[in-house]
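Take a look at the structure below.
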Number of protein chains: 2
Amino acid sequence: MSTTTLIDGDRLWRSLMELARIGATPGGGVNRQALTDLDKEARDLFSSWCREVGCSMRTDPIGNLFARRSGRDDTLPAIMMGSHIDSQPTGGKFDGAYGVMAGLEVLRSLHEGDIATACPVEVVAWTNEEGARFAPSMMGSSVYAGLLGLEQALAVQDEEGKSVGQELTRIGVRGVPDPHGPPAAYFEAHIEQGPILEAMDKTIGIVSGAQGQCWFQLTLKGRPSHAGTTPMNLRSDALLGAAAIVMELNRIGREFPPGCATVGRIQAAPNSPNVIPGSVYMTAEIRHPDDDIRAIMEQKFKQAIDVAVAENSLILDMRKVLEQPAAPFNAECIDKVRLSAERRGYSSMDIVSGAAHDAVALSRIVPTGMIFVPCAGGISHNEIESATPEDLAAGCQVLFDSVLASACKAETAGS
Amino acid sequence: MSTTTLIDGDRLWRSLMELARIGATPGGGVNRQALTDLDKEARDLFSSWCREVGCSMRTDPIGNLFARRSGRDDTLPAIMMGSHIDSQPTGGKFDGAYGVMAGLEVLRSLHEGDIATACPVEVVAWTNEEGARFAPSMMGSSVYAGLLGLEQALAVQDEEGKSVGQELTRIGVRGVPDPHGPPAAYFEAHIEQGPILEAMDKTIGIVSGAQGQCWFQLTLKGRPSHAGTTPMNLRSDALLGAAAIVMELNRIGREFPPGCATVGRIQAAPNSPNVIPGSVYMTAEIRHPDDDIRAIMEQKFKQAIDVAVAENSLILDMRKVLEQPAAPFNAECIDKVRLSAERRGYSSMDIVSGAAHDAVALSRIVPTGMIFVPCAGGISHNEIESATPEDLAAGCQVLFDSVLASACKAETAGS
């Protein structure tokens, strides 16, 4: 096993930029939504590149696109890399595309170096990770991991009434059930989509897992009344209660790093300058990589709400509308990422994924690891999303090392 | 001078209810907006009732409608009562109408009792107090008091482009400049439009004056970012800053009773559940009967804003959009109200007017007093606005006593 093989960062960047031309927006981003003709064009380009280096291509019933490079023993479970080729309507050039192109660059480097691996190596472009055109997000990887029913996913319609099933057929990517079992391990390289690596001046994020999260909707009802004639001690001000909740939730988020907590949406009624707000609708979300700690955060949140409601004589309606458990990644996969970063001399740090990825779905069934690289300002889901060729190359190198360390294991053991 | 004359509470109530039929809404309220045909109908009804008791009627150039009862010496300045006959679009039966009908009941009682006063006694229905159809509010009384230019007021248009001047002419109430000087004193009876008298179980509010107030518009700009991937200590959350300001403003309002402070309107952007709010627009208002104390409240408010802005790395845009000085009422007028309530055995308390009234405009030029009576739940500007016949009668009795004490002064001094 060669630990000196270097991936080609320039080739990676050129391929990323060429792929980004498919669905390019005037703002410098990409609009290449799931199962559109542009999605198909990108899939075909990726497929042609993979075939050039000797891979076979296949799709499964939800359209996940697999490139497979044979190993010495093709009966062994593969080592898999992947991410997604579909984008947000005003997405960037790197979100998802980086992980797929990084996987391609690993295949190219293995091919160029004539490196034989014990088990097969695959790169997969998961169908509809973004969930922009068809909900939910992470659709292809969730079906693959058995978290979402195939029929249910096929039936989902977009705003024009076209179903996933119809569109898969239309663009000709509706394949057959996967003849191989799940992989032995899955690695995904991705831009961080957050500001931490850049702020800490680190090149590689060694991702320990993804946060669990829960979302709530709250309605607080008080009493609308005249702002001039209602004394301060005779008020039932729903906005005052909401403000206390916003501040308490923030304190709770700060109390349990690296968790976070946010009120993103708020609506007051009657929303008139000289009327005390009689009711407020607000959302709240709490995230933490440890579900037990998140449960504590939720409990403290509910206590804070009770206090605000009592202090302002409000009536509360509260619903939890999302509950996603944390997804810790695999210790061995994490170690491989760490080891590569150290050996290659890249500055690195442990980091938790604040957002969901295909890797989260995969982590429910196979040992999984992720590699983060910085993106400028932490900005993503935005046409100005950007990352440097050097950082992208470093992440790809770590991906290569991690995959090779995994794919040669059987060979090393048996040889 | 008779101190035993009782006004007729039943007659007052019946007249109020008859007036309320003009513009009556299905919800039990009144829609009788300024200078509509319904306004004219109400003015005519009022005028006919006044004439029945020997008054002469006149209007001035802004349509203020005066009923005048002669005194022994008509060269003396009159004692004036009044309020307004126009209503909110979904107004109640008592807001404004009570003060005019109470004044009418005083005239009727003087007439019935064949009581001669030294100076004339007048009741005025001020044009367009509500400012609902034509802005600003308190239009007629403000022109009368020289606070608003006549030409400026005549030129104001409603939503259909009709001007005040045109409508005054149309309904035939555009009169000539007042041949008499300002009154010697002005008294206005009004429902409290707040919850204090009811909460304290008092019948008469001895109004010391009206609060000064100021209104602000604030825009706070932070940085919109992903709620899951942005650590708590790298946020610039405009809603968190706004929440701190809401809470601090409430504390400031509580610190300086009987002042008050309110955030009535708030808008966050992008207002999405999983995005940290990048910007917030909010209004704020501060009221206090003492302008010096209000200045302190404003200063503390600005300090609180500065802290919230700094703590959250926000950019602030703040404008003061309204500044109205406090309007203390006249000590002698206040004493007359207090004395009557005591002599008549009505429970009473000192109170500050939280809202503006025609009396506020009059107070800038003549000695002024107001009499409050409770309204159910403090509710006003609402079709369900209500007050009891007993409370309304008590307020009218106090009005009668106060006016008579003022109108007979010259006689007592000279006789």
Query raised in the report: If only one of B:86, B:73 is among the acidic types (Asp, Glu), touching a helix residue (DSSP H, G or I) at 6+ places or on another chain (Cβ under 6 Å) and in a loop (DSSP other than H, G, I, E, B), which one is it?
Result: B:86
Query raised in the report: Looking only at the stretch B:223-252, which residues are surrounded by fewer than 19 Cβ atoms within 10 Å (Cβ to Cβ), of a type outside the set (A, V, I, L, M) and at the interface with chain A (Cβ under 9 Å from one of its Cβ atoms)?
Result: B:233
Query raised in the report: Inside the stretch A:253-292, can you point out the residues that are facing chain B (nearest Cβ under 7 Å), within 21 Å of residue A:354 (Cα to Cα) and of a type in the set (Val, Ile, Thr)?
Result: A:262, A:263, A:283
Query - Given (1) in the same structural domain as residue B:287 (by the TED database); (2) among the β-branched types (Val, Ile, Thr); (3) in a loop (DSSP other than H, G, I, E, B), index of the condition residue B:176 fails - result: (1)
Query raised in the report: Which residue, of A:206, A:245, is assigned by the TED database to the domain that holds residue A:402 and either touching a residue at least 60 places away in the same chain (Cβ under 8 Å) or touching a Leu at 6+ places or on another chain (Cβ under 8 Å) (or both)?
Result: A:206
Query raised in the report: Any idea which residue in the stretch B:151-200 is nearest to residue B:334 (Cα to Cα), counting only those that are of a type in the set (Asp, Glu) and within 14 Å of chain A (Cβ to nearest Cβ)?
Result: B:192
Report task. Confirm whether residue B:222 is of a type in the set (Gly, Ala, Ser), under 30 Å from residue B:280 (Cβ atoms) and assigned by the TED database to the domain that holds residue B:317. Result -> yes
Requested in this report: Output yes when any residue across the stretch B:384-393 is in a strand (DSSP E or B) and either crowded, with 23+ Cβ neighbours inside 10 Å or within 14 Å of another protein chain (Cβ to nearest Cβ) (or both), and no when none is.
Outcome: no
**Report entry** Scope the stretch A:96-125; condition open to solvent by 10 Å² or more (accessible area, probe 1.4 Å), among the charged types (D, E, K, R) and either part of a helix (DSSP H, G or I) or in contact (Cβ under 8 Å) with a residue 12 or more places away in the chain (or both); matching residues
**Finding:** A:108, A:112
Query raised in the report: Could we say that residue A:271 is at pLDDT below 95 and either crowded, with 17+ Cβ neighbours inside 10 Å or not in a strand (DSSP E or B) (or both) here?
Result: yes
Query raised in the report: If you take just the helices (runs of 4 or more DSSP H) that sit entirely in the stretch B:126-172, which of them hold at least 1 residues that are closer than 25 Å to residue B:325 by Cα and without any contact (Cβ under 8 Å) to a residue 60 or more places away in the chain?
Result: B:150-155
**Report entry** Number of the exception - residue B:44 against (1) in contact (Cβ under 8 Å) with a residue 24 or more places away in the chain; (2) more than 21 Å from the chain's Cα centre (by Cα); (3) open to solvent by 40 Å² or more (accessible area, probe 1.4 Å)
**Finding:** (1)
Report task. Restricting attention to the stretch A:182-222, report how many residues are among the aromatic types (Phe, Trp, Tyr), within 19 Å of the chain's Cα centre (by Cα) and open to solvent by less than 10 Å² (accessible area, probe 1.4 Å). Result -> 2
Query raised in the report: Within the bounds of the stretch B:248-255, is there any residue that is part of a strand (DSSP E or B) and at pLDDT 95 or above?
Result: no
**Report entry** Subset of the stretch B:365-382 that is in contact with a strand residue (DSSP E or B) (Cβ under 7 Å, 6 or more places away or on another chain) and surrounded by fewer than 24 Cβ atoms within 10 Å (Cβ to Cβ) - its residue that is nearest to the other protein chains (Cβ to nearest Cβ)
**Finding:** B:381
Query raised in the report: How about the stretch B:277-325: which of its residues are open to solvent by less than 10 Å² (accessible area, probe 1.4 Å) and among the aliphatic types (A, V, I, L, M)?
Result: B:280, B:282, B:284, B:286, B:297, B:305, B:308
Query raised in the report: Right, residue A:338: within 24 Å of residue A:115 (Cβ to Cβ) and in contact with a helix residue (DSSP H, G or I) (Cβ under 8 Å, 6 or more places away or on another chain) or not?
Result: no
Query raised in the report: Looking at residue B:360, is it of a type outside the set (S, T, N, Q), closer than 28 Å to residue B:97 by Cβ and either open to solvent by less than 50 Å² (accessible area, probe 1.4 Å) or in contact with a Pro (Cβ under 8 Å, 6 or more places away or on another chain) (or both)?
Result: yes
Report summary line: Scanning the stretch B:231-242 residue by residue, the ones that are part of a helix (DSSP H, G or I) and either touching a residue at least 12 places away in the same chain (Cβ under 8 Å) or outside the structural domain of residue B:271 (by the TED database) (or both) total 5
Query raised in the report: When you scan the stretch A:115-138, how many residues do you find that are within 19 Å of residue A:193 (Cβ to Cβ), of a type in the set (A, V, I, L, M, F, W, C) and out of contact with any Lys or Arg (no Cβ under 9 Å at 6 or more places or on another chain)?
Result: 3
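The values are calculated or read from the model by the stated rules, or taken from the named source; none is laboratory data. Source: prediction; values computed, not measured. Ideal geometry is used to build each Cβ from the backbone, glycine not excepted, and the neighbour counts take in all protein chains shown. Note: areas computed on protein heavy atoms with side chains; ligands, DNA, RNA excluded. Shrake-Rupley method; radii C 1.70, N 1.55, O 1.52, S 1.80 Å.
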